[in-house]
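These notes concern the structure reproduced below.
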Amino acid sequence: MPRIRLHANRLRDKAREVGDESNDAIAQRAGVAGSTLSRLLTGRTTPSTDTLVALSDAYGITVDDLLQRPEHEQVTTVPAHVERVPA
């Protein structure tokens, strides 16, 4: 099963908006270890809920926007009304 990954480009874009150009600055603002952030940005590890919330709070970006889902696992909308097919 493909892993959910941190959407590194979105995080970097938000970080640049507030002047955080380096990984160290991002890690410090979010209160996460630099090594953890490095593994997340390179896709070597799956983000924990705590780390996602810390990054979300630090940069004012939703957790959903920080996640990069595998393409075949994109969210689909379920219709509000579904007709039953006669058996």
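Figures for the structure shown
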item: Placed amide H near Leu6: partners under 5 Å, 5+ positions off or other chain; result: Gln68
item: Per-residue HN-Hα couplings for the range 55-63 [Karplus 6.51, -1.76, 1.60; θ = phi - 60°; Hz; x = Gly/Pro]; result: 5, 4, 5, 5, 10, x, 10, 5, 4
item: Exposure of Thr51 as accessible area (Å², to 10), given a probe of 1.4 Å and all protein chains; result: 20
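The values are calculated or read from the model by the stated rules, or taken from the named source; none is laboratory data. These figures come from a predicted structure and were not determined experimentally. The protein model used for the area step is the full one, side chains on, heavy atoms only, and it has no ligands, DNA or RNA in it. Shrake-Rupley method; radii C 1.70, N 1.55, O 1.52, S 1.80 Å.
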